[in-house]
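No lab work stands behind these numbers, since they all come straight from the coordinates. Every value quoted in this text rests on a predicted model; they were computed, and no experiment measured them.
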Amino acid sequence: MAEEERVEENNGEEREVSVPIAITPPEHTKLLERLNAMDERVEFVAGELAVKQGEKIGFAVGILYGLIIGIFIYIIFLIP
């Protein structure tokens, strides 16, 4: 990208327009790297917590389904 552009106005004259350039200081890039590393850790921990919660809920649902099926089987064998 060029630092300057030529823009033609309606009356036919040309003028130079400078394009602003942003330079990031090294502290800013270091800070962004640290923030990205911390974000990865937070996402990992949040994922692990979600997995543990899912295991607990899955265990409770499995116990309930097991009890219901056990009761139905008991009733089926009790009726004849």
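At a glance:
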| read-out | value |
| --- | --- |
| Net length gained if the chain between V19 and L78 were fully extended (0.36 nm per residue, minus Cα distance) | 12.6 nm |
| Vicinal HN-Hα couplings computed from phi for region 37-44 (Karplus, 6.51 cos²θ - 1.76 cosθ + 1.60; Hz; Gly/Pro x) | 5, 5, 5, 5, 4, 5, 5, 5 |
